[in-house]
Amino acid sequence: MKQKLKLTAFALAIVFFVSCGDTQNKENDKKEAINKTEDIKQDAPKKDCNDVHWSHHKGNEGPENWKNLCDGFSDCGGNSQSPINIITKNVITGEELQSPVFSYGESKVDIINNGHTVQFNVDGGNSVNLDGKDYQLLQFHYHTLSEHTVDGKYFPAEVHFVHKHSDTDFAVLAEFIVEGKENPLFSKYLDKFPADKGEFKSDNMIDLLSLLPENKSYYFYTGSLTTPPCSEVVSWYVFKNPVEASAEQISKISKILDDNYRPVQDLNGRSVEFYNEREK
Ligand SMILES: [Zn+2]
């Protein structure tokens, strides 16, 4: 049922949310070498992705133009892109979907502002079992506003927990943040968030499971990374139930992240399934 969609060689070099052009060089060099021989008959030379800058804001480097910025970003114009608008009346019950089985523990704090998001890198050893497969948690990071919408409605913020099973098989667990009571993680660390590119390290431990909503009902669909190279290698699990943060906390993080959300993408015939976790 889960289709693993079209993959590009670029997916092998996948690195999430790196700042512009500081990795992927080797892979691009390889591609460039191949392209040099293949391109002889073509008019325009292929443009590699080294040093390509992209932005969440309108303009030449903005989301509408990501697919044209360089050869390796062509997936951004694909048919299975993320995020999407979840239309609840069209959602189908996922008969085969199961509750995620978490093997999360505690992790040290390493907070990075890479110029596109604020990201918590976590220690190895935290995983979740989805669809019978183990996915390792790599990092989690934030978007303001939310990237996914529900019935056209945006939330103030969205968290992405990025997991990897293999180079071509990722799972992102997404969680909305709504205005409400203070968020304990923000209370502890929001003041430490690097406002510009930078890093904050601490030996304090985070209880990862405490960051998720209690009820794990989720929407499921197959899509892509929401930032270049937009590789279509992601199974999305979007929690129905949000977590809370105070108005002041939301305003603070929104200021740092400055609208780092990609507009919603066409479904192109994909279906969205729902897993309903019954109240215990
Ligand atoms: Zn994200």
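Laboratory data are not the source of any read-out in this text; all were calculated from the coordinates shown. Everything numeric here is computed off the predicted structure, so don't read it as measured data. Quick reminder, even Gly has a Cβ in these numbers, built from the backbone with ideal geometry, and neighbours come from all protein chains shown.
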Problem set entry | Spatially proximal aspartates and glutamates relative to residue 216 (Cα-Cα < 12 Å; intrachain offsets below 8 disregarded) | 175, 277, 279
Seminar exercise, completed: Taking placed amide H atoms and a strict 5 Å upper bound, the residues 5 or more places from residue 82 or on another chain that come that close are 224
Problem set entry | Hypothetical label at residue 101: residues of the stretch 135-165 whose amide nitrogen lies under 12 Å (7 Å Cα-Cβ projection) | 135
For this session: Report the label-to-label distance for residue 203 and residue 187 in nanometres (one decimal), using points 7 Å from each Cα along the Cα→Cβ vector.
Result: 2.5 nm
Problem set entry | For the stretch 75-275, the Rg and Dmax computed from alpha carbons only, in angstrom | 16.0, 46
Problem set entry | Near-label residues of the stretch 239-256 by backbone N, under 14 Å of a point 7 Å along Cα→Cβ of residue 195 | 252-256
Problem set entry | the stretch 167-246 shape via C-alpha gyration tensor axes, a/c threshold 1.5 | oblate
Exercise. Computed FRET efficiency, Cβ-Cβ of residue 153 and residue 60, R0 35 Å: what is it to the nearest 0.05?
Worked result: 0.70
Seminar exercise, completed: With 0.36 nm assigned to each residue of separation and the Cα-Cα distance removed, residue 138 to residue 47 gains 29.8 nm
